[in-house]
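Pasting a structure below so you can have a look.
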Amino acid sequence: MAWHWSEISQQRLVTCHPVLQQVLHTALDISPFDLRVLEGHRNEDRQNELFRAGHSQLTWPHSKHNAQPSLAVDVIPLPLDWSNRFAFHVLCGVMFSAANLIKIHAKGWRLRSGQDWNGNWRNADQTFHDAPHFELVKLQD
């Protein structure tokens, strides 16, 4: 099935780094379900609001969402069911597959998931789970 970004997802997507946009467009093309972009760039008020609510570990301007363009995105599978951990695991695989397909390493980046902050391919050792979160990390030279 061919999925398409909603107008609001498109508006949020354009606030993201071009490489992250490429990852998301590719992810939508290969995803078994529709996707929605919840957030790209966050301003100071929004970032600090999410921090106070316990939905972010970082205050302004320390989140990758605060960069312009944003180096982070929050994306969800549709239909949304926050308790469906399997759908978020599939989403994670879709995002990493998309990153591989567009060869983000050759562009100087790697992808990090809010399901595996330390990048050890295990999520049981995470203390802060953020399943919709994906961010670009610059490769070291």
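What is the gain in length, in nm to one decimal, between residue 107 and residue 53 on full extension, counting 0.36 nm per residue of separation less the C-alpha to C-alpha distance?
15.9 nm
Further, regarding this structure: Within segment 88-141, what whole-number % of the accessible surface is contributed by carbon and sulfur, with the 1.4 Å probe and all protein chains included in the calculation?
Within segment 88-141, the accessible surface is 53 percent carbon and sulfur.
I've got another one for you. Would you please put 116-127, 50-61 in order of how densely packed they are, using the mean number of other Cβ atoms within 10 angstrom per residue and starting with the highest?
50-61, 116-127
Which far-off residues, 5 or more places away or on another chain, put their amide H under 5 Å from the one on residue 70, with H placed in the peptide plane?
So residue 70 has HN proximity to 16, 17, 41.
Counting each DSSP H run of 4 or more residues in the chain as -39500 (n - 2.57), what helix-only mean residue ellipticity at 222 nm follows after dividing by all residues, to the nearest 500 deg cm²/dmol?
Value at 222 nm, helices only, nearest 500: -10000 deg cm²/dmol.
If you don't mind, there's one more thing I want to ask. How large is the dipole of segment 1-70 about the Cα centre if only Lys and Arg carry +1 and Asp and Glu carry -1, each at its Cβ, rounded to the nearest 20 debye?
That gives a dipole near 160 debye.
Which one, 134, 51, 109, projects farthest toward the positive side of the charge dipole computed for the chain from Cβ point charges (K/R +1, D/E -1)?
Ranked along the dipole, the leading option is 109.
Right, here's the next one. For the chain, report the accessible area per residue in Å² (1.4 Å probe, heavy atoms, rounded to an integer).
57
The values are calculated or read from the model by the stated rules, or taken from the named source; none is laboratory data. Since we're looking at a predicted model, the values are computed, not measured. Heads up, the Cβs are rebuilt from the backbone with ideal geometry, glycines too, and the neighbour counts pull from every protein chain shown. Calculation scope for accessible area: heavy atoms of the full protein, side chains included, ligands and nucleic acids excluded. Shrake-Rupley method; radii C 1.70, N 1.55, O 1.52, S 1.80 Å.
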